[in-house]
Each structure stands twice: as structure tokens, then as C-alpha cells.
Amino acid sequence: MSMQSTSTLTIKWTLRGKPKSAFFAAAGGELVVRVDSQFVLNQISGQVLEHFESWDLSASSPLAQAYFWFSRRVYSTVEAGK
């Protein structure tokens, strides 16, 4: 975590794990997602004005990456239908 200025906060974190699917967990290896979250804050109140995120899956195997993006698409489709 770092404060780039009094109004910008950056948090870098990593998520590691195996896919829930037994097939993908056995065949795909570990999923590693490196996330950079950047927040632009109101200097007086501390309220978040803007939020940006970037995800890097390059440390994951191609099969684990495919499973991740497929599961994100399924989740988004289900949520959009609600």
C-alpha cells in the first residue's frame, strides 16, 4: 500500500489458489492474480471519488487463466439476469 499523494492511494495485492473445478484444479495448476487498486480520494473527507483496478494473470497457467475468465463471464451473465 502506498500513498502517491494526499489524494491518491495505491494497494497492490495477490490472490492465489486452485480453481474450484476438480478437473481444472488438477490439470490447470495454481491461479495467481496480481491486482493493483488505485483510489482517488477527496482530500478533506477521504471519500473515494474514483477507483481503478488492473488484474494480471500472467503468472497463471493458460488453462487456469481460461477457467478464471470463463467463470467471470458466467458470474456476470447470472448477475445481469437478476
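Cross-link candidates for Lys20: which aspartates and glutamates have Cα within less than 17 Å, leaving aside residues fewer than 8 places away along the same chain?
Cα-Cα hits under 17 Å: Glu30.
Excluding Ala27 itself, calculate the net charge of residues whose Cβ lies under 15 Å from the Cβ of Ala27, where each Lys or Arg counts +1 and each Asp or Glu counts -1.
+1
Which residue, Val40, Trp13, Val74, has the largest displacement toward the positive end of the dipole of the chain when charges sit on each Cβ (Lys, Arg +1; Asp, Glu -1)?
Val74
Leaving out ligands and nucleic acids, note down the accessible area per residue over the chain with a 1.4 angstrom probe, in whole Å².
73
What do you get for the angle between helix 62-80 and the principal long axis of the chain? Use alpha-carbon atoms, 0 to 90 degrees, nearest ten.
So the inclination is approximately 70 degrees.
Quantify, in whole percent, the carbon and sulfur part of the accessible surface of the chain (1.4 Å probe; protein heavy atoms only).
Solvent-exposed carbon and sulfur of the chain make up 59 percent of the total.
For the chain, which semi-axes, largest first and in whole Å, follow from the square roots of 5 times the eigenvalues of its Cα gyration tensor?
Value: 32, 17, 8 Å, ordered largest first.
Between beta-carbons, use under 12 Å as the cut-off and find the net charge around Lys12, counting Lys and Arg +1, Asp and Glu -1.
-2
Probe 1.4 Å, all protein chains in place: accessible area of Tyr75 in Å², nearest 10?
Around 130 Å² of this residue is reachable by solvent.
With springs only between Cα atoms under 10 Å, which of Ser21, Ser45, Ser58 fluctuates most in a Gaussian network model of the chain?
In the Gaussian network model the winner is Ser45.
The values are calculated or read from the model by the stated rules, or taken from the named source; none is laboratory data. As the structure is a computational prediction, the values presented were derived from the model and not from experiment. Backbone-built Cβ (ideal geometry, glycine too); neighbour counts: all protein chains shown. In case anyone asks, the SASA skips ligands and DNA or RNA and just uses the protein heavy atoms, side chains included. Shrake-Rupley method; radii C 1.70, N 1.55, O 1.52, S 1.80 Å.
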